[in-house]
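Engineer: The structure that follows is given in the form of structure tokens.
The values are calculated or read from the model by the stated rules, or taken from the named source; none is laboratory data. Treat the numbers as computed from the prediction; the structure is a model and nothing was measured. Quick reminder, even Gly has a Cβ in these numbers, built from the backbone with ideal geometry, and neighbours come from all protein chains shown.
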Amino acid sequence: MDELSDIIDSLHDFEKKVLVNLNQPASVEKIMSLSGLDQIEVMRGAQWLNNKCLIVIKEDKSVIAKLTKRGAETAKKGLPELRFLEELDKKNNQSFDDLRKTAGLDANEFNKAMGFCRQSGFVSINQGKIIINNLGKEYLKKEGRKTIILKQLVAESLDVKSVKHEEELDSLKERGLVDVEEKIGRELAATPLGIKVIKRGVDLGRKLLERNTLQVIKSKDWESTDFRRYNVKEAVPKKYYGKLHPYQEFIEKTKDKFASMGFKEMTGPYVENNFTNCDALFMPQDHPARGIHDIFYIKEPEKTELKEYKNFLKKVKKAHEKGIKGSAGWRIPFDEEFTKKHVLRSQTTSASVRMLMNEDLEIPGKYFVIDRNVRPDVIDWKHGAEFLQMEGIVLGEDMNLRSLFGLLRMFAEKVAKVEKYKIMPDYYPYTEPSASLHIFWRGKWMELGGAGIFRKEVTEPLGVKVPVIAWGLGFDRAFMAERSINDIRQLFTNDLSWLRNAEVKH
Amino acid sequence: MPTFDFSFKDFQNLVGKKLPRNHEKLWDILLFVKSEVEELEGDTLNVEVADTNRPDLWCVEGLARALKGALNLETGLPVYKSKKSNYELKVDKSVKKIRPYIACAVVKNLNFNDPIIQQLIQLQLKLDTTYGRRRRKSAIGIYDFDRIKFPVTYKTVKPGGISFIPLGFEKRMTPEEILSEHPKGIEFGSIISSCKKYPILVDADKKVLSMPPIINSDDVGKITEATKNVFVEVTGTSLSNVISALNLVASTLADRGGTVENVKVKYGRKAMMTPVFKSEIFRINKASIIKRLGIELNDKRIRDLLERARFGVKKVTDDSVSVQVPFYRTDIMHEFDVIEDIGIMYGYENIISEDLKISTNGGLLGLSDYTRVLRKLIAGLGYQEILNYYRVDKEVLFNADCVEIANPMSNSMNALRNELLPVSLNFLSRNTHNEYPQKIFEVGRVFEKKKAEVSEHNHLILVACGADADFTTVRQETEWVLNNLSVKYEIKEYDHGAFIKGRCAAIIIKDKVAGYFGEINPETLARFNLENPAIALELNLKKLMQ
């Protein structure tokens, strides 16, 4: 086996039939008549041969002029203004009616022709008679070419290049009598390699197997006949299959990580209420960050009944108004209607609040949640329309600032996997003390998240008697870092092509 | 979080020590006051104070005061004094139902320059906005003392009953005109506009000082570098807020070398002297320190750390410490608030972290596990997973009965989705330039009104759009999913506006509709600018999981 016979074995029937007819360059049409293939078959064969460098396809663009429907009619009758002038040239000094009849024009055509000729100064009128002058005669001579072109075009469409009088052709085009269209003629010519193949001889009669089919397998044709060789290097059309969303996969991976560290997943609704979203977290009701510019409210149902949390509500109200043992509280009236108002969750901490009120709460216990929140921020590259938070709680009799630091260290070392990090004092309205975790990442300090021990004013009304560490890590940012995404809006992208091409991480 | 600028040189002068310009080193120092360096350019330092409950830190003077303690330059309770004086302010009883409280002070011998005035304005703005709840709870006014004749009266007037030139304007205006024309009147007018009469401050010559909490008058209510002595007042609806805000401003001016003199505020026969620079005694349990911080400290160390945090220490007994809390620490509510400061002064970097000794079994919610299985099954059918926002344009939904947002930012997100089908079709309509067939799926929440509550379910949607999309395919895929999940179901005829009549079916699980599938009708396709046939399956996971 050598290169040439490999090539020959790879030739499809169409290719063979085209190639054997290419001892001399030939047009597609000629190959069609020589090979008996139709145009599509010739073109496919030619394209494949071209891909294999056996032939070249030369394209020759030409512009073809042909008559429009109106043009065909006009060609039959002649152009009105020319007929008008022709008749007058034959017999000068005619009356309006006579001329109209001899030129065979209807009233409309006649008026138009008359108008044109008078305006151009081709004719004058004397005592009701029309008289052609020299200017008119010259025009007629020149314009006679248009009639010739029209007549030629009646016979056959013409290559524009073969029409001598370009100006006249353009004018016919403008008048909508002639249409031009681009036509591509293709000439096929064998390359030197192609010639070699032809010389070696392409056996048209030699059968090769095309598709492998049930029939082929059963009949054992493959024992006596070879399969046609495919060009395995040739590109095939792209196709897209099923795939999971990279962000959702990142969420799932992180969930597994937390579960493996002993955290149980918890949950909460996206449509929250002021009670679980803020009040139970001991945020004062008149705080400026609780207005319509900071939290989304819903139209209907405007309020929840908070049935399941009635007892907690009483205690939280008391903590706000009068405080708890050892704390004076906010000492402002607590609005029970306001606390029932539905809001869209502005922080996943509300899920922690619900867990603390849950009768299945385990002490000691470790919980986490990764979920969506929303605030009325203006959307830009760092503020998405919705944002995810990852947070949770750790409950236990011995939980203190040192264990909180231990938790943050675990996040730095096991979740973010960095060696250099700092724990710093911070402030959250519902924790005391509070701390934030900063990691040194890609040459820069970056805040990864924060933690604190829930205030007594939070835990006591909810009936929790042990210290509770609350923690939260930024989630959107973590994914953006993993994917080197610079715009947070990419996370909920509407761009199917980005999703289809996104790398699958392992 | 409060962010503000000040002069780095001024800051160093106030602290009394040269501070590092290096970003990280400066950051390590500012940590003591829970602040972060945003930028230091030339002499301008921009910091962000994390603590939104510590108004005393929202000015350069307050940061310096706290930092002096942390750096051991000046520790213990800061001393502020107010001199007795004969200045009086009368409170008319008509203010009682409108804006009942006022506290004031006179501060003399000031040496203002422009940066100091800028700091004062910054502090006033921050206190009014956050601590004063956008001026509703408390609002500050500062005046040129030398142009006021005492006693001053705090009273009310009819909306058209008086006129004066408000700050920044050239013509005299009545309170009513101010509310409708002056920018501050428009911004804050709603605080008093429902009242029949408006609050006003006038001096003994009936000269208007201001119309609290809206605007000062243009003459006495203007502070310049030439001003030597000032009159400060705070009005509001909460006595404790009013007093605290006054104390903060007066002590800040004292830090600038001013001499504070008090004013007698007379409510009828009752009188009150303000400002009140009085510390309160707060008792903390020693046991709570170790319990909360996990570190053991001896008495001397406790005293030392508290004094560095600028608390006074009155007495240390076997089990408790009597702490003097400076008047400006309005955030101290519980002993843990004091204990956190002990921890901060001890230094977070000195606290040795401890591994969590709690051993618990982790795990995912049942829904999370189920969703995972389902997602993999659908991806196996050749569908691309997508994620969409919960909020949508109401117009996109097929079912208009949805949860609407009362204060949407834009119409494109004014409701919560109640079905995933419209959201997915919307996704496809934005991707018509991409190759077909397009097969997408999502598992996510939908929202439904249910009397006084909103119920949230997880749904699965899959949509295929392309030349080959037909009923047989979607039915085959539906059955593939349901059979693999061992769900018992029935298929019945169903009508849904988005589907071709007679080519839509419901999935019945335990006698209830759990979802539907079929061929999308051409009208719907046209609505979403789709030119290819499409099929869809939507399923409620809750009904599936039963």
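Engineer: Assuming A:PRO237 fulfils every condition listed in (1) over 30 Å from A:ASP495 (Cα atoms); (2) part of a loop (DSSP other than H, G, I, E, B); (3) under 41 Å from the mean Cα position of the chain (by Cα); (4) not basic (Lys, Arg) apart from one, which condition is it?
Structural biologist: Here A:PRO237 meets the rest and fails (1).
Engineer: Now a separate question. Looking at the structure I just gave you, is B:ASP369 of a type in the set (D, E, K, R), free of Cβ contacts under 8 Å to residues at least 60 places away in the same chain and not in a loop (DSSP other than H, G, I, E, B)?
Structural biologist: yes
Engineer: Name every residue in segment B:46-91 that is touching a residue at least 60 places away in the same chain (Cβ under 8 Å) and within 14 Å of another protein chain (Cβ to nearest Cβ), in order of residue number.
Structural biologist: If the condition is that a residue be touching a residue at least 60 places away in the same chain (Cβ under 8 Å) and within 14 Å of another protein chain (Cβ to nearest Cβ), then B:ASP51, B:THR52, B:ASN53, B:ARG54, B:PRO55, B:ASP56, B:TRP58, B:ALA66, B:ALA70 are the ones that fit.
Engineer: For segment A:158-172, enumerate the residues that are outside any helix (DSSP H, G or I), under 46 Å from the mean Cα position of the chain (by Cα) and not acidic (Asp, Glu).
Structural biologist: A:LEU158
Engineer: Ok, one more. Within segment A:134-150, track down each residue that is closer than 18 Å to A:ASP170 by Cβ and either under 52 Å from the mean Cα position of the chain (by Cα) or among the basic types (Lys, Arg) (or both).
Structural biologist: If the condition is that a residue be closer than 18 Å to A:ASP170 by Cβ and either under 52 Å from the mean Cα position of the chain (by Cα) or among the basic types (Lys, Arg) (or both), then A:LYS142, A:ARG145, A:LYS146, A:ILE149, A:LEU150 are the ones that fit.
Engineer: I need a count of the residues in segment B:341-353 that are buried (at least 18 other Cβ atoms within 10 Å of the Cβ) and within 7 Å of another protein chain (Cβ to nearest Cβ).
Structural biologist: Qualifying residue count, segment B:341-353: 5.
Engineer: In segment B:403-445, how many are over 23 Å from B:LYS376 (Cβ atoms), more than 9 Å from chain A (Cβ to nearest Cβ) and not small (Gly, Ala, Ser)?
Structural biologist: The qualifying residues number 9.
Engineer: Determine if segment B:73-89 includes at least one residue that is within 30 Å of B:ILE192 (Cβ to Cβ), buried (at least 18 other Cβ atoms within 10 Å of the Cβ) and hydrophobic (A, V, I, L, M, F, W, C).
Structural biologist: yes
Engineer: Looking for whichever is facing chain B (nearest Cβ under 8 Å), surrounded by 19 or more Cβ atoms within 10 Å (Cβ to Cβ) and modelled with pLDDT of 95 or more here; the options are A:LEU401, A:LEU491, A:LEU408. Which one fits?
Structural biologist: A:LEU401
Engineer: Answer with yes or no whether A:PHE387 is within 37 Å of the chain's Cα centre (by Cα), within 9 Å of chain B (Cβ to nearest Cβ) and touching a residue at least 40 places away in the same chain (Cβ under 8 Å).
Structural biologist: No, not satisfied.
Engineer: Which residue pairs have Cβ atoms closer than 9 Å, lie 6 or more positions apart in sequence or on different chains, and pair a first residue in segment B:118-129 that is farther than 15 Å from B:PRO213 by Cα and in the same structural domain as B:TYR143 (by TED's automatic domain parsing) with a second residue that is of a type in the set (Gly, Ala, Ser) and not in a helix (DSSP H, G or I)?
Structural biologist: Taking only residues 6 or more apart or on different chains, the pairs are B:GLN119/B:SER7.
Engineer: Next up: Residues that are more than 21 Å from A:MET261 (Cα to Cα): find the strands (runs of 3 or more DSSP E) completely inside segment A:327-443 holding 3 or more of those.
Structural biologist: Where strands (runs of 3 or more DSSP E) fall fully within segment A:327-443 and carry at least 3 residues being more than 21 Å from A:MET261 (Cα to Cα), they are A:342-344, A:421-425, A:431-441.
Engineer: Here is a list of conditions, (1) in contact with a Lys or Arg (Cβ under 6 Å, 6 or more places away or on another chain); (2) at pLDDT 95 or above; (3) within 14 Å of another protein chain (Cβ to nearest Cβ), and B:SER238 meets all of them except one; can you say which number that is?
Structural biologist: Unmet condition: (2).
Engineer: Looking at B:ILE148, B:ILE117, B:ILE142, B:ILE98 in this structure, which one is buried (at least 22 other Cβ atoms within 10 Å of the Cβ) and either within 14 Å of chain A (Cβ to nearest Cβ) or under 30 Å from the mean Cα position of the chain (by Cα) (or both)? Spell out how you get there, then give the answer.
Structural biologist: Details: B:ILE148 fails: either within 14 Å of chain A (Cβ to nearest Cβ) or under 30 Å from the mean Cα position of the chain (by Cα) (or both); B:ILE117 fails: buried (at least 22 other Cβ atoms within 10 Å of the Cβ); B:ILE98 fails: buried (at least 22 other Cβ atoms within 10 Å of the Cβ).
Checking each option against the conditions leaves just B:ILE142.
Engineer: Which one is surrounded by the fewest Cβ atoms within 10 Å (Cβ to Cβ), of the residues in segment B:1-29 that are of a type outside the set (S, T, N, Q) and either facing chain A (nearest Cβ under 10 Å) or part of a strand (DSSP E or B) (or both)?
Structural biologist: B:GLU24
Engineer: Related question: Can you say whether A:GLY396 is of a type outside the set (A, V, I, L, M, F, W, C), within 27 Å of B:SER359 (Cβ to Cβ) and either crowded, with 22+ Cβ neighbours inside 10 Å or more than 9 Å from chain B (Cβ to nearest Cβ) (or both), as far as the supplied structure shows?
Structural biologist: no
Engineer: Hey, another quick one. Pick out, from segment B:439-512, the strands (runs of 3 or more DSSP E) lying fully within it that include 1 or more residues that are at pLDDT below 95 and under 27 Å from A:ASP371 (Cβ atoms). Talk me through it step by step, then tell me what you get.
Structural biologist: Working: elements: B:453-465, B:490-493, B:499-509.
Where strands (runs of 3 or more DSSP E) fall fully within segment B:439-512 and carry at least 1 residues being at pLDDT below 95 and under 27 Å from A:ASP371 (Cβ atoms), they are B:453-465.
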